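Notes follow once the structure below has been shown.
The values are calculated or read from the model by the stated rules, or taken from the named source; none is laboratory data. Note that this is a predicted model, so its numbers are computed, not measured. Quick reminder, even Gly has a Cβ in these numbers, built from the backbone with ideal geometry, and neighbours come from all protein chains shown.
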There are 2 protein chains.
Amino acid sequence: MTLRLYDTSTRSVRDFVPLQEGRVSVYYCGATVQASPHVGHLRPGVVFDVLRRWMMARGYDVTVCRNVTDIDDKILLKAAQEQRPWWAVAQHYEREFSHAYEILGCLPPTVEPRATGHIPQMIALIGRLLDSGAAYAVGGDVYFSVASYPDYGQLSRQRPDDLQAAADPAGDVLKRDPRDFALWKAAKPGEPAWESPWGPGRPGWHLECSAMAVYYLGEQFDIHGGGIDLIFPHHENELAQSKAAGDPFARYWLHNSWVTAAGEKMGKSLGNALAVDEVLKHVRPVELRYYLAAAHYRSTLEFSYESVTESAVGFRRISAFLQRLAGEPLPAALASECPDPFVAAMDDDLGVPAAVAVIFDTVRVGNGAIEAGDEQAARRAWRSVSAMCSVLGVNPLEDPWRSRDRESEQAATALSALVEELLAARQQARADRDWAQADAIRDRLAGAGVQIEDRPTGPVWAVVSDGR
Amino acid sequence: MTLRLYDTSTRSVRDFVPLQEGRVSVYYCGATVQASPHVGHLRPGVVFDVLRRWMMARGYDVTVCRNVTDIDDKILLKAAQEQRPWWAVAQHYEREFSHAYEILGCLPPTVEPRATGHIPQMIALIGRLLDSGAAYAVGGDVYFSVASYPDYGQLSRQRPDDLQAAADPAGDVLKRDPRDFALWKAAKPGEPAWESPWGPGRPGWHLECSAMAVYYLGEQFDIHGGGIDLIFPHHENELAQSKAAGDPFARYWLHNSWVTAAGEKMGKSLGNALAVDEVLKHVRPVELRYYLAAAHYRSTLEFSYESVTESAVGFRRISAFLQRLAGEPLPAALASECPDPFVAAMDDDLGVPAAVAVIFDTVRVGNGAIEAGDEQAARRAWRSVSAMCSVLGVNPLEDPWRSRDRESEQAATALSALVEELLAARQQARADRDWAQADAIRDRLAGAGVQIEDRPTGPVWAVVSDGR
């Protein structure tokens, strides 16, 4: 079987063939670090983490580069509002994003470069574009000349004439053509600036990704990703400037759809209500990751507290099954450990919804096997479910979901031991028909927030709390 | 009272007077990210975090810059050994260091710049040194001319002639004087390099700190810190090149002493055994932080598992006292909330050992007050201890030490409730002289790893495990 991915540049699902056998290089656009992350910001983090994990499960050695845009008009505005240096603002939110990605169990990128750390590489790229006639310097700015690049509009499937009409002619008086975009912006008074052959200034947003992707991954690399809102103008401009400079650039373009709330793209105003911290008051981190991963990456995800908690209830069925046989060594997160239909679903442009359906089927089989006393079949199902969950990064028996903190882990272990002990005592009391004692133990557990449910196979228990 | 700090450059304790009223700027040397952090690496992180917190407690607005050395011979060597790009190695260990600092409860620096992200600033600084005659370019390298700077040796109290004799004349044939040091190194084949007016190369180690400190904190700033092993040559060279370029640079130089093990400076070979992860199998993160913070920062810390576990036992007395009245709102981490002797100790060149003695005295008073039933005195002591612990960053009732993970927190809460319930049942059984029932509860708890100890004030309990 071959992994197939939907490539935005050809508008088709293509067989994935890496540039170098056994290796994959991925660049995807990270955050402009000017505000706290909300759920919409994190979707690409989870989507490209699932892609990476699936490629690793198929045996690829994956290199991932995700940039940090640490200079930008919005960062400067925020810095002015908060009366802090721009770099303190950028560093603060960069850290918030790192934490949020980590909380959601995203593997850290192989490299996470900051835009301001790559000014020499950007200046060199602008130099090449000026030399080839694809760019022009005027009044301390440098612009890319869209007219000089005949393939402009190819990625976003737009005709140059339509773009001409849509562009804002009053936008920037120095541009020769309203479609042109800035590669380098002359410094305005009071703004941070770097020296350049065109005078002090700062890089344009599109430029940083072209310069850093090629610096870290080479002039040609496998996959460029990001949210669909970046196709135009960001990725169109990246592609144009990189190709015009002679870099073959990305071989596949992958775009995840956005997260909406009440039908609107999750922007800053909605985002505040849907900050990661806020959502995590309702569900656990692994449940939020599962929610973001379980939808197909090219489908719009309509976020609501109802849907996220409903999804969490589903996930807990998977989690509860895995817990039933916990203690066994976990299988490796390899495609070879997963059932064929799961592999087929993942290979089909990361068909996570179909892959998750395979997980639920296997959970059903496994629970049935436990009930029927078929230990071998139960263990087989457990192994499959564990591997599939690991591949998606949602295996509750694995780090980071298992408590990392030694102290909390001890508390959890002690609690389990105590609850199991009390449940055994209650079973004994019931066997002895000492109903008062059995009820007393039940009440004792309930008083501590531990609810028990009697199943044919024996009691199961969970710690419950408000809002769940 | 005035804060006084030992300034290495004057070899004396000086009143601390900040450059701008109410604000403090601190630069201290961070890690060369080429291996996993060991306990010795983390001491400066904790020491300068205690300095920062004390300054915040005294009402200062503190800006902290800590660099990441992400290019260096050792990183290149490691990259070659591991057959990974140098930037993947650097990013990997940068993240390990960040996690280790975070695990030890160090506040993140206001900005944490990477050396390779500041090549333009370094090239500009070299340009100024060449212009002033303090540096010379030869064969693609640029060197600082020690002879051109009469104050050389001032910080480390060394006489130029002694340095002349000690320097390795065979070291680098391009140098005019064996004491000279590289500001820019011409690229060797296969090594990463950046363009410069002197040809492709990379910056010298000393240069990066001079360039970044001034870029972020200004040409003059309050405090420059680091380990004493950095005084010579690193800080001596930084000071020389910055002053020679016309920057007034740091007003106070603070140096922490190192961590030894079996009498030797903790280096890489010892370091492996004393990796943070390893030590945290023996004590909790807050206990390791307490251990590193409690010694005076200018005293050598002789690390041993015995001393760290002994220190943890001491800390648990503080922690147990705070837990006894937990639930009260925590006082702010302000000097005004701390007893005068604590403030005096901290103001005396961060006298943490004396400050910790005040904490223990107050714990003793507080425990006595509880035993005597003097609730008001008990609460007063509790408030003081809580504030003092917060100032040192070791308050167990505060983040990050309280469980951050919702799930673990629930387990911990449920465990507490259950244990308290069982202890109450046991007290009742004892009151009823039902010794069998009392023992049964005790055994049940012990089976779950919960040990209880009967004190005159009632039973106390703790989760215990192996190795503690």
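What to note about this one:
- Taking region B:361-455 as the region of interest, the helices (runs of 4 or more DSSP H) fully inside it that hold 2 or more residues being in contact with a helix residue (DSSP H, G or I) (Cβ under 9 Å, 6 or more places away or on another chain), at pLDDT 80 or above and at the interface with chain A (Cβ under 8 Å from one of its Cβ atoms) are B:406-431, B:435-447.
- For region A:189-209, the criterion of a residue being exposed (fewer than 15 other Cβ atoms within 10 Å of the Cβ) and either away from chain B (no Cβ under 14 Å) or of a type in the set (V, I, T) (or both) is satisfied by at least one position.
- Residue match in region A:131-139 (condition: over 27 Å from A:V26 (Cβ atoms), free of Cβ contacts under 8 Å to residues at least 12 places away in the same chain, assigned to a helix (DSSP H, G or I) and of a type outside the set (G, A, S)): yes
- Test result for A:V343, under 28 Å from A:D61 (Cβ atoms), away from chain B (no Cβ under 14 Å), in contact (Cβ under 8 Å) with a residue 40 or more places away in the chain and among the hydrophobic types (A, V, I, L, M, F, W, C): yes
- Taken residue by residue, region B:137-150 has at least one member that is within 30 Å of A:P197 (Cα to Cα), aromatic (F, W, Y) and more than 14 Å from every other protein chain (Cβ to nearest Cβ).
- Scanning region A:67-96 for residues that are among the aliphatic types (A, V, I, L, M) and in a helix (DSSP H, G or I) gives A:I75, A:L76, A:L77, A:A79, A:A80, A:A88, A:V89, A:A90.
- Considering each residue of region B:22-32 in turn, at least one proves to be over 30 Å from B:Y305 (Cβ atoms) and over 18 Å from the mean Cα position of the chain (by Cα).
- Meets criteria (buried (at least 18 other Cβ atoms within 10 Å of the Cβ) and of a type outside the set (D, E)) for A:Y305: no
- Restricting attention to region A:97-139, the residues that are among the polar types (S, T, N, Q) and over 30 Å from A:E278 (Cα atoms) add up to 3.
- Checklist (1) at pLDDT 95 or above; (2) part of a loop (DSSP other than H, G, I, E, B) applied to A:R52, failing item: (2)
- Selected residue [touching a residue at least 12 places away in the same chain (Cβ under 8 Å), outside any helix (DSSP H, G or I), farther than 21 Å from A:C29 by Cβ and not aromatic (F, W, Y)] from A:G153, A:G199: A:G199
- Selection of strands (runs of 3 or more DSSP E) fully inside region A:218-330 by the criterion of at least 1 residues being at pLDDT below 95, closer than 29 Å to A:L397 by Cβ and in contact with a helix residue (DSSP H, G or I) (Cβ under 8 Å, 6 or more places away or on another chain) returns A:259-261, A:301-303.
- Considering residues of region B:22-46 that are in a loop (DSSP other than H, G, I, E, B) and in contact with a helix residue (DSSP H, G or I) (Cβ under 7 Å, 6 or more places away or on another chain) only, the residue nearest to B:L104 (Cα to Cα): B:P37
- If you go through region B:91-133 and keep only what is more than 12 Å from chain A (Cβ to nearest Cβ), surrounded by 21 or more Cβ atoms within 10 Å (Cβ to Cβ) and among the aliphatic types (A, V, I, L, M), you end up with B:A100, B:L104, B:L125, B:I126, B:L129.
- Qualifying residue in region B:108-124 (condition: over 27 Å from B:D70 (Cβ atoms) and hydroxyl-bearing (S, T, Y)): no
- Condition met for A:V173 (assigned by TED's automatic domain parsing to the domain that holds A:R53, among the β-branched types (V, I, T) and in contact with a strand residue (DSSP E or B) (Cβ under 7 Å, 6 or more places away or on another chain)): no
- The set of residues from region B:7-31 being over 22 Å from B:E219 (Cα atoms) and touching a residue at least 60 places away in the same chain (Cβ under 8 Å) comprises B:R11, B:V13, B:A31.
- Of the residues making up region B:71-90, just one is among the basic types (K, R) and within 12 Å of chain A (Cβ to nearest Cβ), namely B:R84.
- Residue within region A:30-44 that is farther than 18 Å from A:A250 by Cα, crowded, with 23+ Cβ neighbours inside 10 Å, aliphatic (A, V, I, L, M) and within 14 Å of chain B (Cβ to nearest Cβ) present: yes
- Test for B:R66: is it at pLDDT 95 or above and either assigned by TED's automatic domain parsing to the domain that holds B:A193 or within 13 Å of the chain's Cα centre (by Cα) (or both): yes
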